[in-house]
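Shown next, in structure tokens, is the structure this report addresses.
What follows is calculated from the coordinates using simple rules that are stated; it is not laboratory data. Bear in mind the structure is a predicted one, so any value in this text is a computation, not a measurement. Backbone-built Cβ (ideal geometry, glycine too); neighbour counts: all protein chains shown.
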Amino acid sequence: MKSSKLVKYATHGERKAFVSPGMAAAWPICLGYLPIGLAFGVLAQKAGLSLLEIGLMSVLVFAGSAQFIAVSMLAAGASFFSIVATTFVVNLRHFLMSSALAVFLKNTDRKKLSFFAYGVTDESFAVNLSKFRDSRWDLNSALVTNYTANFTWIITTVLGGIGGQFIPAHAFGIDYALIAMFICLLVFQIRGIIYVITAIIAGIFAVFLSILIPGNSYIVIASMIAAAIGVVLKKTVGSGKERSDGV
Amino acid sequence: MVSKEYLVVILGMGLVTFLPRWLPLIYLTKRSLPSWLVEWLDFIPAAILSAILLPALVTDSATRSIELWRPEFIVAIATFLFAILTKSLGGTVIVGMVLFGLAEKFLL
């Protein structure tokens, strides 16, 4: 079904040439969203949300971990302010991701940029960023990737609300799809020894901070510090030693 | 049947989720950035992906403790090697899933 749709788009000619690469780039994300989206739907339905309410949250918020937290807070009767404040803190890491993506999107259509911003998640960030280093990737392809992932998220969360507990969502190691995707995309980001050191520092900082401080602010703190160390290292070691061959 | 209170909550959530995603894209794309910032942002992807990954591999989020030899970590070593050798995203995702599926069956 999916391939016939792609063929249909492809015959529309060059103007639609970004559609199939955009969708193709999204498949690991969609696969990974399947068990998480279903699990979210099951949880939300148990917390008393209707299918419409589940779908609306996935449309308006589109942020996996924040949605999980919000549902358990709603079930516990938390206030408007505490739910919104928690969501803000949990999703602050996307500020950093959008900043890194901005480097590749100079002088692009501002309306498209706004639509793109809506779909910046950990997963779409990682996929699009490695793709943007590829000259054939542009904002249109990135938009298709984002909305394919977004559509999958909305559908799977609502499906979970309908009867997710009856779907064998944890088969075939599917829970590992996103981790494996992040592993490969991390490998794509390594373009020299300083990137290796930066990644190792970020990972170790993150592990210890995640144990010491509640929430997920460890991601932002660890990566900001590690990237700063990367800049200092590059200055002291000299850019001559950096390999310029991209991966 | 969506209650007004619920709608207000998810609209608020949507706004505070959208703004951090939107502001850097709108603000940083229309001006030239100092070279130190571009260099710093260049290290952000490797740093942030590692900061997301490693805690998921070697910590137990329920007890908030380090637990090195979890199936997630053992499978990650092989998955990393596969990714480095093949540079194939699709292949890495499939290999990671298969190995984790096997690890769950035989290691737990």
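Computed over the Cα atoms of the stretch A:103-151, pair by distinct pair, the Kirkwood hydrodynamic radius stands at 10.8 angstrom.
Can you list which of the trypsin sites (Lys or Arg not before Pro) found in the stretch B:1-99 are DSSP loop residues with at most 11 other C-beta atoms within 10 Å? Answer by residue number: B:Arg31. For the stretch A:212-233, the residues whose amide N sits under 18 Å from a probe point set 7 Å from the Cα of A:Ile204 along the beta carbon direction are A:212, A:219, A:221-233. Taken along the Cα-to-beta-carbon direction at a fixed 7 Å, the label points for A:Ala76 and B:Tyr27 span 3.1 nm. When you filter the chymotrypsin sites (Phe, Trp or Tyr not before Pro) in the stretch B:42-73 for DSSP loop state and at most 13 other Cβ atoms inside 10 Å of their Cβ, you are left with B:Trp69. Provide, for q = 0.08, 0.12 Å⁻¹, the log10 of I(q)/I(0) from a solvent-free Debye sum over equal Cα point scatterers in the protein assembly as shown. Ignoring solvent entirely, the Cα scatterers give -0.38, -0.91.
Calculated on the alpha-carbon coordinates, the convex hull of the stretch A:2-189 measures out at 134 cubic angstrom per residue. Listed peptides A:110-118, B:34-42 appear in the order A:110-118, B:34-42 once ranked by packing, highest mean of other Cβ atoms within 10 Å at the front. Residue-wise HN-Hα couplings along the stretch A:22-29, as the Karplus relation 6.51 cos²θ - 1.76 cosθ + 1.60 with θ = phi - 60° gives them from phi, are x, 6, 4, 5, 8, 4, x, 5 Hz; Gly and Pro carry x.
Using a Gaussian network model of chain A with C-alpha springs under 10 Å, which one of A:Ala76, A:Ala17, A:Ala142 is most mobile by mean-square fluctuation? Of A:Ala76, A:Ala17, A:Ala142, the Gaussian network model singles out A:Ala76 as fluctuating most.
Springs join every pair of Cα atoms under 10 Å in this Gaussian network model of chain B, and among B:Leu15, B:Leu25, B:Leu81 the largest mean-square fluctuation is at B:Leu15.
Once the C-beta distance of B:Val98 and A:Asp109 is scaled by a Förster radius of 41 Å, the resulting FRET efficiency is 0.50 to the nearest 0.05. If you average 1/r over all unlike Cα pairs in the stretch B:52-108 and invert the result, what Kirkwood radius do you get in angstrom? That comes to 11.9 Å for the stretch B:52-108. For the stretch A:89-247, the equivalent ellipsoid derived from the Cα gyration tensor has semi-axes of 30, 22, 16 Å, listed largest first.
Eigenvalues of the Cα gyration tensor times 5, then square-rooted: what semi-axes does that give for the stretch A:75-166, in whole angstrom, largest first?
28, 19, 11
Considering all different alpha carbon pairs of chain B, the Kirkwood hydrodynamic radius works out to 18.0 Å.
Between B:Ile74 and A:Val89, the C-beta separation translates, for a Förster distance of 45 Å, into a calculated FRET efficiency of about 0.90. Overall, the protein assembly as shown carries a charge dipole of about 940 debye about its Cα centre when +1 sits on the Cβ of Lys and Arg and -1 on the Cβ of Asp and Glu, all other atoms neutral.
Taking all Cα pairs closer than 8 Å and separated by 6 or more residues, the relative contact order of chain A comes to 30 percent.
Treating r as the C-beta distance of B:Ser3 and A:Lys235 and R0 as 56 Å, the FRET efficiency rounds to 0.50.
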